[in-house]
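The values are calculated or read from the model by the stated rules, or taken from the named source; none is laboratory data. Just so you know, these numbers come straight off a predicted model, no measurement behind them. For neighbour counting, all protein chains shown are included, and Cβ atoms are generated from backbone atoms with ideal geometry for every residue, glycine included. All accessible areas refer to the heavy atoms of the entire protein, side chains included, with ligands and DNA or RNA removed. Shrake-Rupley method; radii C 1.70, N 1.55, O 1.52, S 1.80 Å.
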Amino acid sequence: GTKLAFVSDMSGTTDIYLVDLLQNKGNKSLPKLTQPILGTKNNSSPCYSPCGAKLAYLSKASGVRQLFIYDFKANTSSQITFDKQNKEAPSFSPCGQYLLYNTSSTEHNIFIIGLESKVPIQLTNIGESQYALFLD
């Protein structure tokens, strides 16, 4: 909980910025923003892993919003989904080894994917004309 990730288009394209909360603690000036080197454009929906070592986010690849992982320690970014459906709302599992996300193309379904295997597993089967309500 020492860094805040947020999305802004202040550079002309949607990107993810970080603010070090400890560095700015008690500082009355504007916080210093850093932009992780993601290697992609039109980035959105940042989500920290439980240990804070990785950041899941969405980015367009060949015109489709795909799921990427940024590794802070290795300073690398890698794409982990490759199909033709737009992705939304990435969320890490408590152990940090899996990501849940939903698709938002013609069908809206929930998937889970392992960071190592990169094999998505469909958890729901909601057709084009069906709607679902998920309550916490």
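Does K25 satisfy the condition of being charged (D, E, K, R), open to solvent by 70 Å² or more (accessible area, probe 1.4 Å) and at pLDDT 70 or above? Judged against the criteria, K25 is not a match. Here is the figure for region 77-100: residues that are within 15 Å of A53 (Cβ to Cβ), of a type in the set (A, V, I, L, M, F, W, C) and open to solvent by 40 Å² or more (accessible area, probe 1.4 Å) total 1.
Among the residues of region 84-100, those that are part of a strand (DSSP E or B) and on the phi < 0 side of the Ramachandran plot comprise K87, E88, P90, S91, F92, Y98, L99, L100. The set of residues from region 101-136 being open to solvent by less than 40 Å² (accessible area, probe 1.4 Å), at pLDDT 90 or above and part of a loop (DSSP other than H, G, I, E, B) comprises just one member, L115. Filtered by the rule that a residue be in contact with a strand residue (DSSP E or B) (Cβ under 6 Å, 6 or more places away or on another chain), farther than 19 Å from F6 by Cα and part of a loop (DSSP other than H, G, I, E, B), region 47-83 gives I80, T81.
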